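Q: For reference, the structure I am asking about is given below.
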Amino acid sequence: MRRVALIVVIVVVGFVIWLNYGWIFWNASTWRQEIERFALSRLGDAWERQSRKLGGPSAIDCGRVRVHGDPAAASKCSLNAFQRRSPFRVRYDLQGIDSNVSAGLVYTPQGELYGLDFDGDPMGQGGTSWSRQRTEKVLCPSPFQLYMNPNGRLNCFGNKAVPPHDIMSPNFESY
C-alpha cells in the first residue's frame, strides 16, 4: 500500500512539474528566441555595445537610420560633432539578405575615427542572434576626413586615397 501511494505521489508531482516547466523543453526553439529577444532589448546588440565603449559616455548619439530611412539628420549631426571635435556615433542599417546588417562611424574622445560593421547572424538563420552576432572595428586611415556618399551616409577614407569601395552603398559587394 505504501509503495502504491509513493508511486501516485511521484506521478502527481512529476505531472505538476511538467505542467509548469515542460513547455520549456517542448518548445525549446521558441524559448531560445524569447531569451535572445529579451537580451537584445535590454542590453543592445554588439554594435551598440562596441560603439558605446569606443565613444565613451560623452559621445553624442547621432542616431540610427533604418533601411530606406532618411539619413540627413543623423549625418548632419555627425558632421557637426566632428567639426567641433566632439565624440559621436552614427549607425546606418543596410538591406540584408538573411540577417540584420549595419555600418556606422564612431569618433572617440582620443580623436580616432572608427568604422563599425555589424552582422546580426553570420550563419544566415535570419534576424539578429544574441550568440552569433558580430561587429568589425576598422580604424579609419589617418589623416582622415568624412565623405558623404550619394545616399547621404557618412564614410571615411584617407586624404590621398580613393575609397576602393563604399561599405555604406546599397550596391556594395565584398571583394
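The numbers here are math on the coordinates, done by the rules we state, and not lab data. The shown structure was predicted, so the numbers you read here are calculated from the model rather than taken from an experiment. Here Cβ is always computed from backbone atoms with ideal geometry, including for glycine, and neighbour counts include all displayed protein chains.
Q: Work out from phi, with θ = phi - 60° and the Karplus expression 6.51 cos²θ - 1.76 cosθ + 1.60, the ³J(HN,Hα) of each residue of the range 47-59, listed in order in whole Hz, and give x for Gly and Pro.
A: 5, 4, 5, 5, 5, 5, 5, 5, x, x, x, 8, 5
Q: How high is the FRET efficiency between Lys137 and Ser86 when r is their beta carbon distance and R₀ equals 25 Å, given to the nearest 0.05? Provide the component values of the computation, followed by the final result.
A: Numbers: r = 20 Å, r/R0 = 0.80.
My answer for the efficiency is 0.80.
Q: Kindly write out, for the range 132-144 in residue order, the coupling ³J(HN,Hα) from the Karplus curve 6.51 cos²θ - 1.76 cosθ + 1.60 (θ = phi - 60°), rounded to whole Hz, with x marking Gly and Pro.
A: The phi angles translate into 10, 4, 9, 10, 10, 9, 10, 6, 5, x, 10, x, 10 Hz.
Q: In sequence order, what are the phi-derived ³J(HN,Hα) couplings for the range 78-88 according to the Karplus relation 6.51 cos²θ - 1.76 cosθ + 1.60 with θ = phi - 60°, rounded to whole Hz, with x for glycine and proline?
A: 5, 4, 4, 5, 5, 5, 7, 6, 9, x, 8
Q: At Ser58 and Phe15, where each label point lies 7 Å from the Cα along Cα→Cβ, what is the point-to-point distance in nanometres?
A: Rounded to a tenth, the inter-label distance reads 6.7 nm.
Q: Still on this model: Place a +1 charge on the Cβ of each Lys and Arg in the range 44-158 and a -1 charge on the Cβ of each Asp and Glu, then give the dipole magnitude about the Cα centre in debye, rounded to the nearest 20. Write out the running numbers ahead of the final one.
A: Working: 14 positive and 11 negative charges, 84 e Å.
About 400 debye.
Q: Neighbouring Cβ atoms within 10 Å as the yardstick, rank Ile97, Ile10, Ile60 fewest first.
A: Details: Ile97 7, Ile10 10, Ile60 18.
Least crowded to most crowded, the residues run Ile97, Ile10, Ile60.
Q: Still on this structure, I have one more. For Phe118, Phe144, Phe15, which order do you get if you count the other beta carbons within 10 Å of each Cβ and list the fewest first?
A: Phe15, Phe144, Phe118
Q: If I model a spin label as a point 7 Å beyond the Cα along the Cα-Cβ vector, how far apart are those points for Asn151 and Ile97 in nm?
A: That separation, rounded to one decimal, is 1.6 nm.
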